[in-house]
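All remarks here apply to the structure that follows.
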Amino acid sequence: KLATATIVDKWMRVPLATALAIAAMARLGITHPPAGASAALFASNDTFDGIFMGLVLFGNIIAVVTATLFNNLNVKKQYPIYWRMVPESWSNWTLGTLEGCVPYLRNKKTKKEEELRESQRMMKASLRMSIAAQKSQRF
């Protein structure tokens with residue numbers, strides 16, 4: 001266990017840590033009150049316990065993975081919409097693995113691809129019709 005610096009007394013440290021955590025989340029647009037509670041828990045302890053931090057991190061990872069899987073099983077939801085920090089090769093590998101494990105995701109991807117092709121076909125047909133209408137108006 002590593003000892004924490006006692007620059008700020010405990011009575012001031014807990015609300016300050018919570019306020020700073022919530023302010024940072026609000027600034028980033030990702031407010032999550034339990035994260036403020038985690039900041040309060042860490043600030044209220046006089047010693048840093050790496051095991052506690054590991055457990056909190058493990059719980060958060062499980063929650064995010066579970067939420068992502070359940071949200072992507074719904075036809076009307078897609079989360080995340082894009083993976084900004086994940087290289088394309090990892091994203092494709094993960095998607096392929098999930099599609100192999102859960103046939104529903106494969107069907108969902110196929111349905112989206114068909115809808116995209118249909119909308120492109122409709123747009124092309126509409127464009128052809130408008131071009132033909134413009135040509136007929138010229139003559």
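Count Lys and Arg as plus one, Asp and Glu as minus one, and take only other residues whose Cβ is under 14 Å from that of R117; the net charge is then +1. For the pair Q120 and A37, label points projected 7 Å from Cα toward Cβ lie 4.8 nm apart.
If you take every residue apart from A132 with its C-beta less than 15 Å away from the C-beta of A132, what net charge results, scoring Lys and Arg +1 and Asp and Glu -1?
That works out to +4.
Of the residues T97, T68, T31, the one with the largest accessible area comes first in the ranking T31, T97, T68, computed with a 1.4 Å probe on protein heavy atoms.
Less than 13 Å Cβ to Cβ from A21, Lys/Arg counted +1 and Asp/Glu -1: what total charge do the surrounding residues give?
Details: positive: R13, R27; negative: none.
Net charge in that neighbourhood comes out at +2.
The candidates D49, D9, arranged from most to least accessible area with a 1.4 Å probe in the full protein assembly, appear as D9, D49.
The values are calculated or read from the model by the stated rules, or taken from the named source; none is laboratory data. Not measured: the values here are computed from a predicted model. Positions of Cβ are generated from backbone atoms using ideal geometry, with glycine treated the same way; all protein chains shown enter the neighbour counts. Remember, those area values only see protein heavy atoms, side chains included, never the ligands or the DNA or RNA. Shrake-Rupley method; radii C 1.70, N 1.55, O 1.52, S 1.80 Å.
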